[in-house]
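Below is one structure, written out as structure tokens; comments come after it.
The values are calculated or read from the model by the stated rules, or taken from the named source; none is laboratory data. Bear in mind the structure is a predicted one, so any value in this text is a computation, not a measurement. With ideal geometry, Cβ positions are generated from the backbone for all residues, glycine too; neighbour counts draw on all protein chains shown. Note: accessible area is taken over every heavy atom of the protein model, side chains too, but ligands, DNA and RNA are not part of it. Shrake-Rupley method; radii C 1.70, N 1.55, O 1.52, S 1.80 Å.
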Amino acid sequence: MKKINYILSILAALLVFVSCEDETFDPVINYGNSPVLTASEASGGTYLLTEEEADDVLFSFDWTEADFGFQAAISYSLKIDDAGNDFANSSIIASSAELGYEITVGELNSLLTSMEYPTGVETPLEIRVEASVSDYANALPSETFSFNVITYSIKLPPIYLLGDATDAGWDNNTTLEAPYMSNGKYGIAAHLKAGLGYKFIQTQGQWAPMWGYDSGTTTDGTLVYRPDEDTADPTPMTAPDVEGDYRIDVDITNLTYSVYPIPDEIYLVGGATTVGWDPANGIAFTKDGVGKYSLVTDLSVGNGGMKIMATNSGAWAPQWGSDGNGNSLLGKLSYRSGDADPDPAEIPEPAAAGTYKIQIDFSEYTYKITAQ
């Protein structure tokens, strides 16, 4: 009997020992402080992204360390989503154990483009940082940083203008860029010397592919295409009889070209301006270069948009408006050469009254409006 009791005592002790061995104690999560997010810019701003500034830092974010109530390796995820969506369909900008992150213009533009946000359209977004220690523990989010953004489309390669009528001469290594517009269409604002010749090439330093003159006048006509240097060299197009600045448009798909003069002075009119819709009293721009103009002026809201006049003569043509797809910060221009042409859309008024810088670029064929 004593032997049985002794064996039972040993078994009981073993059971207690095994129970003690199997029992584990997970850390208790007593949620403390969420990370506090700070940004280099004030929340609520509107940002126009440009390809020229792709390498520039747009936002610098820093955040404080989160507190989960115990020592642990914490991971931080900087997330972005549509404003008001409570980050239900958020995308991660960056994840790391660090307490800060810088995002460049190009990085944000690429991310938003991959998320299929439309380019050239103002989009309200939010960013926040979330701290995590485990898939089994709730993340601690920061407050949100809100902003509006307008993304850009990546430019396709240009073609190049050269010739003795141009400032580049016939050196195919010092040509002038004619930016891509759409579907085989390219354009450039260039200074042309009267009566001399010019052509377009596809690649700097190479004489083919090339586009030259087939038929027409100094203002419009058809092109001939030279695919390689074994093909005969085409005749140059001839510049207009008056030396000056011109807008040249070429369509390498339909093989056409057109040319019209760009005046040294252009003028702003419209309901948003201080002169209203008076084509004889426009506000003069400053010429900054060939095809480039700027103006700092006060703009209002509630009275309509704006247009750009070629003269202060009182005539309604030539003029430039919007192509109808732009916004109050950036857009493409549309040209009206004469009264018989359709009236282009107005350049939209700003979101708020104030002082603005308006920039016109007749090579990129764009307007840009920036609050001062």
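Summary of values
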read-out	value
Under Karplus coefficients 6.51, -1.76 and 1.60, residue-wise ³J(HN,Hα) of the range 57-68 in Hz, glycine/proline x	6, 8, 10, 10, 10, 9, 8, 7, 6, 7, 10, 9
Cα gyration tensor shape of the chain, rounded if a/c is under 1.5, else prolate or oblate by comparing a/b with b/c	prolate
For the range 30-172, accessible area per residue (1.4 Å probe, heavy atoms of protein chains only), Å²	50 Å²
Scaled radius of gyration (Cα, divided by 2.2 N^0.38 Å) that the range 31-159 gives	1.13
Within a Gaussian network of the chain (alpha carbon springs, distance under 10 Å), most fluctuating of Asp167, Asp86, Asp62	Asp86
Amide H contacts of Asp278 (H built 1.01 Å from N, under 5 Å, at least 5 apart or other chain)	Gly270
Amide H partners (placed H, <5 Å) of Lys193, local residues excluded	Thr166
Accessible surface of the range 104-259, 1.4 Å probe, proportion on carbon and sulfur as whole %	49 percent
Ellipticity estimate at 222 nm from DSSP helix runs (n ≥ 4, -39,500 (n - 2.57)) divided over the chain, nearest 500	-2500 deg cm²/dmol
The range 99-156 - Debye-derived log10 I(q)/I(0), Cα point model, q = 0.15, 0.22, 0.23 Å⁻¹	-0.59, -0.95, -0.99
0 to 90° range, to nearest 10: angle between helix 105-114 axis and the chain longest Cα axis	80 degrees
Where chymotrypsin sites (Phe, Trp or Tyr not before Pro) fall in DSSP loop in the range 42-131, at most 14 other Cβ within 10 Å	Phe70
Set of lysines near Lys357 by C-alpha distance (under 20 Å), chain-local residues within fewer than 8 positions excluded	Lys287, Lys292, Lys307, Lys332, Lys368
Longest to shortest principal axis, alpha-carbon extents of the range 148-198, angstrom	47, 21, 21
Degrees between helix 2-22 axis and first principal axis of the chain (Cα, 0 to 90, nearest 10)	20 degrees
